[in-house]
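The values are calculated or read from the model by the stated rules, or taken from the named source; none is laboratory data. Worth saying up front: this structure is predicted, and the values here are computed from it rather than measured. Glycine also receives a Cβ, built like all others from the backbone with ideal geometry; neighbour counts cover every protein chain displayed. In case anyone asks, the SASA skips ligands and DNA or RNA and just uses the protein heavy atoms, side chains included. Shrake-Rupley method; radii C 1.70, N 1.55, O 1.52, S 1.80 Å.
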Amino acid sequence: MKLLWLCNLVPGRVRQAMGGSASGCGLWVDSVLDGLMALDGMEVRVLCPGDGRGGDVNESCSYGTFSEGLPYVYLPALEKQFREELEHYRPDVIHIWGTEYGHTLAMVNAAEHAGRLDSLVVSIQGLCSVLAGHYLEGVPERVQRGCSFRDFVRRDNLKHQQEKFARRGALEQEALRKVRHIIGRTDWDFACTRQLNPDVRYHFCNETLRKPFYEGQWRYDRCQKHRIFASSFLYPLKGFHYLLQAMGQIVKTYPDVTLAVPGESFFTASRLRRTNYQKYLADLARQNGLEDRIQFLGALSAEEMKQAYLSANVFVLPSTVENSPNSLGEAMLLGVPCVASLVGGVANLLTAGEEGFVYQSTAPYMLAHYVNQVFAMETGAAALGTAARVHARKTHDPEKNLGDLLEIYQKLS
């Protein structure tokens, strides 16, 4: 079988074939690609962003690259390049990973021109057309419209960012209205895609996550007590402003509470680089007396991310919208006690009360309540993590998920 993959990031195997460092690898699609390359009779060609180079990963996998430009601007030249790829490579199945970039519509249009829509499938990751409506939830109007120096120069304050999401969403909707097959895994992506295209055929397939998270298990006696770990603060969608509000409550019960997060400090970011949202987070943290309680971990490899999970007393997902957040899946695979906002497809991943706690995303006081509850459970919190681990190993079972994906490919070929 000949597969053509269209990816919005560079898979690790491809990065290494380009001469990049292995430390730059670690995408969750790497596990899927490794599984496919191990199968007899399978040939994979990967298209991903780059400088136009192409080559071979090994005897069963090749790659090509494309220059995309701005993700919310459609480039006819991409469609032309993809038409040539389809004509030259003649794949049995075309698999597009994600809908968030203009290259998805370019491939859909190229496949439509070639009469290949019946053998094309799109995996749903996030949905920009939906995310745009949630982008600014919980952020004050003055912050939404305000500008840091960086935002002013780049014309990229929060309102502009929301508009860019909406423009990406318009390209996404055009693509999804044309496709005949999608791959999803949650009630959220099923509802959103079927409302947009009632005739699309929905194929269920769970995700396989990054390899390091299948080994290791959280233990209460080895974690840093009253330490919270969150995976991102870069965008309002990640809900970090709500987490800081919750921290203002948690610190009253647990004065030694700390919060760890990847990325560089928004307290010390230079005036030339700091966004207005980061400035708002810094102000919010100071208002709640959290200046000395937040540890910024910088850029983390998969192994370093794993250690950050294992070192925490609880993992928190405060997002305002998600599909199936990989960060939650990784925490659950490791057995870390979790508290997550009940948004998107979270209910498909985590059974509330048995495997962790969920709360209304706009209620930081409930986030504080459940974090306090996990802290109070002490060693008892391990039972939540153990149950979550059992569930996650079913959801993210590499062998089962690869088998399900192959069945989809067989139906399309």
q = 0.09, 0.11, 0.14, 0.15 Å⁻¹, the chain: log10 I(q)/I(0) [Debye, one scatterer per Cα]: -0.57, -0.86, -1.35, -1.49
To two decimal places, what compactness ratio does the range 127-211 give when its Cα radius of gyration is scaled by 2.2 N^0.38 Å? 1.39
With all protein chains present, calculate the accessible area of residue 53 using a 1.4 Å probe and round the result to the nearest 10 Å². 110
So how exposed is residue 223, as accessible area in Å² (1.4 Å probe, rounded to 10)? 10
Binning at 10 angstrom from zero up to the longest distance, how are the C-alpha pair distances of the range 204-354 distributed in percent? 11, 40, 37, 11, 1
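Within the chain, what is the longest stretch that has no GluC sites (Glu not before Pro) placed in a DSSP loop and near at most 13 other beta-carbon atoms within 10 Å?
Working: sites that count: 59, 215, 291, 354.
In the chain, the maximal stretch lacking such sites is 60-214.
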Efficiency of FRET from Cβ geometry, residue 80 and residue 407, R₀ 41 Å, rounded to 0.05: 0.80
Span-like helix ranges in the chain, DSSP H, alpha carbon extent 15 angstrom or more, Kyte mean at least -1.0: 102-113, 240-253, 364-377, 381-395, 398-412
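Given a cut-off of 27 Å, name the pairs among 225/252; 2/400; 178/400 whose C-alpha atoms lie farther apart than that in the structure shown. Mind dumping the intermediate values first?
On the way: 225/252 16 Å; 2/400 21 Å; 178/400 29 Å.
Where the Cα-Cα span goes over 27 Å, the pairs concerned are 178/400.
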For an R0 of 25 angstrom, estimate the FRET efficiency from the Cβ-Cβ distance between residue 67 and residue 303 and round to the nearest 0.05. 0.20
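Taking a probe of 1.4 Å, how large is the accessible area per residue of the range 286-413, in Å²? Could the numbers behind the result be given before it?
Numbers: 4910 Å² over 128 residues.
Normalised by residue count, the accessible surface of the range 286-413 is 38 Å².
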Gyration tensor verdict on the range 302-392 (Cα atoms; rounded if a/c is under 1.5, prolate if a/b is larger than b/c, oblate otherwise): rounded
Relative contact order for the chain: what is it in percent, counting Cα pairs under 8 Å that are at least 6 residues apart? 16
The range 338-372 residues near the modelled residue 390 label - backbone nitrogen below 11 Å, point 7 Å along Cα→Cβ: 355
If you average the sequence gap of Cα pairs under 8 Å that are 6 or more apart and divide by the length of the range 267-386, what percent do you get for the contact order? 20
For the range 199-215 and the range 391-413, what is the separation of their C-alpha centers, rounded to whole Å? 7
In order over the range 141-153: 3J(HN,Hα) from phi, Karplus 6.51/-1.76/1.60, θ = phi - 60°, whole Hz, x for each Gly or Pro, gives 4, 5, 6, 4, 8, x, 9, 7, 4, 4, 4, 5, 5
Evaluate 2.2 N^0.38 Å with N set to the residue count of the range 194-266, then give the Cα radius of gyration divided by it. 1.64
Rounded to the nearest 10 Å², the 1.4 Å probe accessible area of residue 135 is 0
Phi-derived 3J(HN,Hα) across the range 57-65 with the Karplus relation (6.51, -1.76, 1.60, θ = phi - 60°), rounded Hz, x for Gly and Pro, is 7, 7, 5, 10, 9, 10, 9, x, 10
Considering the chain as a Gaussian network with a 10 Å cut-off on Cα pairs, which listed residue, 38, 260, 387, attains the greatest mean-square fluctuation? 38
Need the full-extension length gain, residue 222 to residue 51, defined as separation in residues times 0.36 nm minus the C-alpha distance. One decimal, nm. 57.1 nm
How big is the range 51-182 on each of its three principal axes, counting only the C-alpha atoms and giving the largest first in Å? 54, 31, 26
Tell me, what is the Rg over Rh of the range 282-329, with Rh the Kirkwood radius over Cα pairs? 1.01
For the pair residue 42/residue 177, report the inter-label distance in nm, with labels modelled 7 Å from Cα in the Cβ direction. 3.6
Specify the inter-centroid distance of the range 48-63 and the range 74-141, based on alpha-carbon positions, in whole Å. 19
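Divide by every residue of the chain the summed helix terms, -39500 (n - 2.57) for each DSSP H run of at least 4, and state the resulting mean residue ellipticity at 222 nm, rounded to the nearest 500 deg cm²/dmol. Can you show the working numbers first?
Details: 17 runs with 183 residues, N = 413.
Helix-only estimate at 222 nm: -13500 deg cm²/dmol.
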Taking amide H atoms as placed 1.01 Å from N in the peptide plane, list the residues 5 or more away in sequence, or in a different chain, whose amide H sits under 5 Å from that of residue 6. 47, 95, 96, 97
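Calculate what fraction, in whole %, of the accessible area of the chain sits on carbon and sulfur atoms when a 1.4 Å probe is rolled over the protein chains.
49
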